[in-house]
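Read the figures in this text as sums done on the coordinates, not as results from a lab. These numbers come from a predicted model, not from an experiment. Cβ atoms come from the backbone with ideal geometry, glycine included; neighbour counts cover every protein chain shown.
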Protein chains: 2
Amino acid sequence: MTGTTATSGQRADMVRNRRLLLEAATAAFAEHGVEVPIGEIAQRAGLAKGTVFRHFASKEDLLAAIMLQMLDQLIGTAERLIEADDAGAALREFMTDGVEVLAADRAFCEVIGRPSLQHSEVRDAIGRLRDAAEALTARARDQGAVRADVTGTDIVLLLGGIHQTAAPLLAAEPQAWRRYLALALDGLRATDAPDLPYPPPGRLRLGDTDEVC
Amino acid sequence: MTGTTATSGQRADMVRNRRLLLEAATAAFAEHGVEVPIGEIAQRAGLAKGTVFRHFASKEDLLAAIMLQMLDQLIGTAERLIEADDAGAALREFMTDGVEVLAADRAFCEVIGRPSLQHSEVRDAIGRLRDAAEALTARARDQGAVRADVTGTDIVLLLGGIHQTAAPLLAAEPQAWRRYLALALDGLRATDAPDLPYPPPGRLRLGDTDEVC
DNA sequence: GCTCAACATGACCGGCCGGTCATCTTCCGG
DNA sequence: CCGGAAGATGACCGGCCGGTCATGTTGAGC
């Protein structure tokens, strides 16, 4: 793990290069997904390929550093919203934020959905995200804003699903995910509907293998 | 395009090999997705790599042939269900079938969601699928079984989204998609809810570029 | 059973990509 | 201003994969 923020005692240009590298990598991963070649990231940063590997031992380490950054941001949103009075509105805002992030970052949704690419730190962060989502969801349930049989894991999973629904339209209709988010929210609000047919996902780690699309 | 069913006037072993190849490729694509190497497909079929290219000019041709097969099957299901009395039940059955197919075939959902991989024939077939879904949806709307602002394109897109929602659980909970299908159906049934906020996707070709995850 | 065209084969090619390393450059303390 | 260490560089390596082709094999008609 080389990706920590050890900015102390380093040479000045190294710190600058690290920043350039992270910015370039963030943009490149967002635009092209995890498959983007290291060479292109280096080029975007105005560096040589070798320099990338001086800062991060492997491509996965670089990816993990960036994904952790985004996950922490989302977790922060969730933790801020937990204080809100209207838990239903808070949950809606969290989901809006989440799907928006997914729609803007190709690598992020690939990593979320494909556990085989994940560092253990990323796994842990997803766990924390799920915990935060569970807290939000619990309050919304208590306030009757969502049906009783919905869990935080459901919510996190739905983020990926909603984005994926609109993904084929992304180029032509970049905001189309709002339509399917609204649809899902209507489903979540159906407090009178019979319970969902399949038991809610439990405490299991999401995707212990990589049986995903 | 070498992938047509020109089984006439060919040598007997060639016909047999073509069948073996198609079976192996179907299984391999389903299991590992479109990234599965041609070499592995050949091995599964008990053939050499070169033989694969005698039957299909490129990997894409082979993939397209198999995807067309699956799409036709789904379209058939839709067209059969159009006769049903209960249009709501028919739509539910179509969606159940669709998500089940997606959950069982990794390549299929990759191709559906990533138009950049698609032959024009596959595009056309998806268009036909959408038409069939539109017919089913129209009847369900008329019968008041689903809200008024839902289209056939919505339904087709939802198939991918619902599967994707449950995808991270696929290994641990192979049937989890049923939960999220039920949730989506509750959203579709919310005839009293306000109209969906974003306009329904129109006649545009799904994904004219490949801006997808 | 003979012949030959059709078919199968797998070594081979070129391109790509993650990762390495000997060499060169640059920053910084003294 | 200088020396040396930390950092940057890009040619290079090995592995993988789609696709090709000269050669070997086999089925079908006679």
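List of remarks:
- Nearest-first distances (nm) between copies at B:Asp142, label 7 Å from Cα via Cβ: 4.9
- Helices in chain B that qualify as membrane-span-like (whole DSSP H runs, Cα extent of at least 20 Å along the helix axis, mean Kyte-Doolittle hydropathy of -1.0 or higher) are B:12-32, B:59-81, B:87-104, B:120-142, B:152-166.
- Candidate aspartates and glutamates for bridging to A:Lys59, where Cα separation is under 13 Å - those fewer than 8 sequence places away on the same chain excluded: A:Glu35, A:Glu40
- Extending 7 Å from Cα along the Cβ direction at A:Thr191 and again at A:Ser58 yields two label points whose distance is 4.9 nm.
- Considering only B:Ala166, B:Leu71, B:Gly88, and ranking their Cα positions along the charge dipole of chain B that arises from unit charges at the beta-carbon of Lys, Arg, Asp and Glu, the one farthest toward the positive end is B:Leu71.
- Cα→Cβ-extended label distance, 7 Å offset, between A:Thr51 and A:Ser120, nm: 3.3 nm
- Sorting A:Ile75, B:Ile162, A:Ile41 from the fewest to the most surrounding beta carbons within 10 angstrom yields A:Ile75, A:Ile41, B:Ile162.
- Among the GluC sites (Glu not before Pro) within segment A:9-51, those in coil by DSSP and having at most 16 neighbouring Cβ atoms inside 10 Å are A:Glu35.
- Remark: relative contact order (segment B:25-131) = 38 percent; criterion is Cα-Cα distance under 8 angstrom and separation of 6 or more residues.
- Sequence-separation-based contact order of chain A, relative, with Cα cut under 8 Å and 6+ spacing, percent: 20 percent
- Positive-end ranking of A:Ala135, A:Leu196, A:Ala12 along the dipole of chain A, with charges on Cβ about the Cα centre, is headed by A:Ala12.
- Shortest first, B:Glu100 label-point distances to identical copies amount to 4.0 nm, with the label point at 7 Å from Cα along Cα→Cβ.
- Virtual spin-label span in nm between B:Asp85 and A:Glu23, 7 Å along Cα→Cβ: 6.8 nm
- A simple charge model with +1 on the Cβ of Lys and Arg, -1 on the Cβ of Asp and Glu and nothing else charged puts the dipole of the protein assembly as shown at about 1240 debye relative to its Cα centre.
- Dipole magnitude of segment B:120-183 about its Cα centre (Cβ charges: Lys, Arg +1; Asp, Glu -1), debye to nearest 20: 160 debye
- In plain terms, chain A is cut at each of the trypsin sites (Lys or Arg not before Pro) found in a DSSP loop with at most 15 other Cβ atoms within 10 Å, and the longest leftover piece is A:12-202.
- Other copies of A:Asp195: label-to-label distances in nm, shortest first, labels 7 Å along the beta-carbon direction: 3.8
- Among the GluC sites (Glu not before Pro) found in segment B:49-139, those both in a DSSP coil and sparsely packed, with 14 or fewer other Cβ atoms within 10 Å of their Cβ, are B:Glu83.
- Each Lys and Arg Cβ is given +1 and each Asp and Glu Cβ -1; about its Cα centre, segment A:12-57 then shows a dipole of about 240 debye.
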